[in-house]
């Protein structure tokens with residue numbers, strides 16, 4: 001348990017900081033509701049219609065694809081910087097990672113997710 005004591009203390013401090021921060025924000029925040037504050041904000045334009053509009057699923061699919069390929073960028077740059085020290089094992093692991101992402105891209109391309117209608 002002594003090896004994990006610092007981890008447990010760190011987690012307790014993180015949770016305590018989150019709870020204290022939320023409590024202080026709740027106590028110090030102003031509560032002045034008025035009509036214009038409760039309206040839907042439309043970037044300065046006068047709101048019209050309902051605020052709850054259903055978006056086409058294509059927006060969400062593109063967002064998910066962005067996350068997938070953003071993961072590629074996050075892992076690819078440090079790999080390039082450490083390539084000499086990793087040797088052949090590092091190259092093999094990255095080729096497998098790129099193959100998995102390539103399969104995801106191929107699936108999205110085959111399902112025509114990247115085309116706007």
Using only DSSP helix segments of four residues or longer, with each worth -39500 (n - 2.57), what per-residue ellipticity at 222 nm results for the chain after dividing by its residue count and rounding to 500? -24500 deg cm²/dmol
For region 1-36 and region 98-112, what is the centre-to-centre distance using only Cα atoms, to the nearest Å? 40
Among 19-25, 65-71, the order from most to least packed when residues are scored by Cβ within 10 Å on average: 65-71, 19-25
Please compute the volume of the convex hull spanned by the alpha-carbon atoms of region 2-110 and report it per residue in Å³. 240
Listed residues 18, 73, 63; largest mean-square fluctuation, Gaussian network over the chain with Cα springs below 10 Å, found at 18
Can you tell which of 75, 34, 55 shows the greatest fluctuation in a Gaussian network model of the chain with Cα springs below 10 Å? 34
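Since every read-out is calculated from the coordinates, none of them should be taken as a lab result. In this text the structure is predicted, and so the values were computed from the model without any measurement. Using ideal geometry, Cβ is built from the backbone for each residue, glycine included, and neighbour counts are taken over all protein chains shown.
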